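Heads up: the structure comes next, in structure tokens.
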Amino acid sequence: MTIKLLQLNTNSDNYWDKLIPYLTSHEFDILQLQELTGKGTISGNINSKRDTFTELRKILQEKYNAELSLTQRYTSSPQAYMANGTFYKKQFSLIRIQEVVLSSFKPFPKDSTAYEHVGRKLLHLILAINGKQISFLNTHFAWGGDHIEKHHQTKQGEILLNYLQSVEPPFVLTGDFNLTPEQPLMQKISAYTKNLIVENGITNTLNPTNHRAKQLFPKGLAVDYLFTSKDLKAKKFQVVDENLSDHFGLGTEIII
């Protein structure tokens, strides 16, 4: 059996009119999403007009169940938040859900441009699929000002890696890590897993059409990842360049 998976940093609702048609017209089994936001969330280039998780869940409710891991509240609105969310086909059964705090948070000032201290979590679902149990882990690491690993990212990474080493295979780990593959933390995670962006020679996961940091292009940076445990095989890996966000999506089929 194969499981079709999409990894995407959604960038709130900035590209909603393209995101929704794409998600509703493609048959992914698992959606691992970051930067889901509440109505009134203001931060950087985000000014959310809707609760993106709630609306996505309504739009996709016929096919998917969903779980949310709220990582940060904001001062811009009582409803403001940022979160990671995983959507999974209804024929799959949820065995267990676990949140792992990578960095704690206070309500974040809407006008702050120092994103190093935004709260971060790891969302871990264990699903029963075709008689087998498989873990799906979803995260979004802190920004460090550039792609070079900083102390706070190392600290978050150590928590994640220690937890990951306690997770029974098979597992899939995806997210926006804000670090390039040669950074020490990514090297450690890659040594413990299969790093599909490295295996497939991906050198950029940022959308040059939409991303604010124009100085990064045309080369770009690979900062979004799709990892699997070493016992899993993947096929049909693709970079999804459909202008769904300021990041590209990552898609693959996992053989279980």
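The values are calculated or read from the model by the stated rules, or taken from the named source; none is laboratory data. Keep in mind the model is a prediction, meaning the values are calculated, not measured. Note that each Cβ is placed from the backbone with ideal geometry, even for glycine, and that neighbours are counted across all protein chains shown.
Summary of computed values
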{"quantity": "Single match in GLU27, GLU35 (criterion: part of a loop (DSSP other than H, G, I, E, B), of a type in the set (Asp, Glu) and within 30 Å of ILE255 (Cβ to Cβ))", "calculated": "GLU27"}
{"quantity": "Any hit, the stretch 84-105, residues being of a type in the set (S, T, N, Q) and closer than 24 Å to GLN238 by Cα", "calculated": "yes"}
{"quantity": "Among residues of the stretch 104-141, those that are assigned to a loop (DSSP other than H, G, I, E, B) and surrounded by fewer than 23 Cβ atoms within 10 Å (Cβ to Cβ), counted", "calculated": "14"}
{"quantity": "Test: residue in the stretch 212-224 that is at positive phi and without any contact (Cβ under 8 Å) to a residue 24 or more places away in the chain", "calculated": "yes"}
{"quantity": "Breaking point among (1) in contact with a helix residue (DSSP H, G or I) (Cβ under 7 Å, 6 or more places away or on another chain); (2) farther than 30 Å from LEU232 by Cβ; (3) of a type outside the set (Gly, Ala, Ser), for THR10", "calculated": "(2)"}
{"quantity": "Inter-residue pairs, beta-carbon under 8 Å, first within 19 Å of LEU56 (Cβ to Cβ) and of a type in the set (Phe, Trp, Tyr) and in the stretch 85-113, second in a loop (DSSP other than H, G, I, E, B) and modelled with pLDDT of 95 or more, 6+ apart", "calculated": "PHE87/LEU60; TYR88/ASP29; PHE92/ASP29"}
{"quantity": "Test: PRO170 is surrounded by fewer than 22 Cβ atoms within 10 Å (Cβ to Cβ), in contact with a Ser or Thr (Cβ under 7 Å, 6 or more places away or on another chain) and not aliphatic (A, V, I, L, M)", "calculated": "yes"}
{"quantity": "Residues being out of contact with any helix residue (DSSP H, G or I) (no Cβ under 8 Å at 6 or more places or on another chain) and surrounded by fewer than 21 Cβ atoms within 10 Å (Cβ to Cβ) - total across the stretch 29-48", "calculated": "6"}
{"quantity": "Residue list for the stretch 61-110, restricted to those being in contact with a helix residue (DSSP H, G or I) (Cβ under 7 Å, 6 or more places away or on another chain), closer than 23 Å to LEU161 by Cβ and modelled with pLDDT of 95 or more", "calculated": "ALA83, GLY85, VAL100, LEU102"}
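Residue-wise test of (1) among the hydrophobic types (A, V, I, L, M, F, W, C); (2) out of contact with any Asp or Glu (no Cβ under 9 Å at 6 or more places or on another chain); (3) over 20 Å from LEU6 (Cβ atoms).
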position: GLU67; (1), (2), (3): no, yes, no
position: ARG73; (1), (2), (3): no, yes, yes
position: PRO107; (1), (2), (3): no, yes, yes
position: HIS140; (1), (2), (3): no, no, no
position: ASP146; (1), (2), (3): no, yes, yes
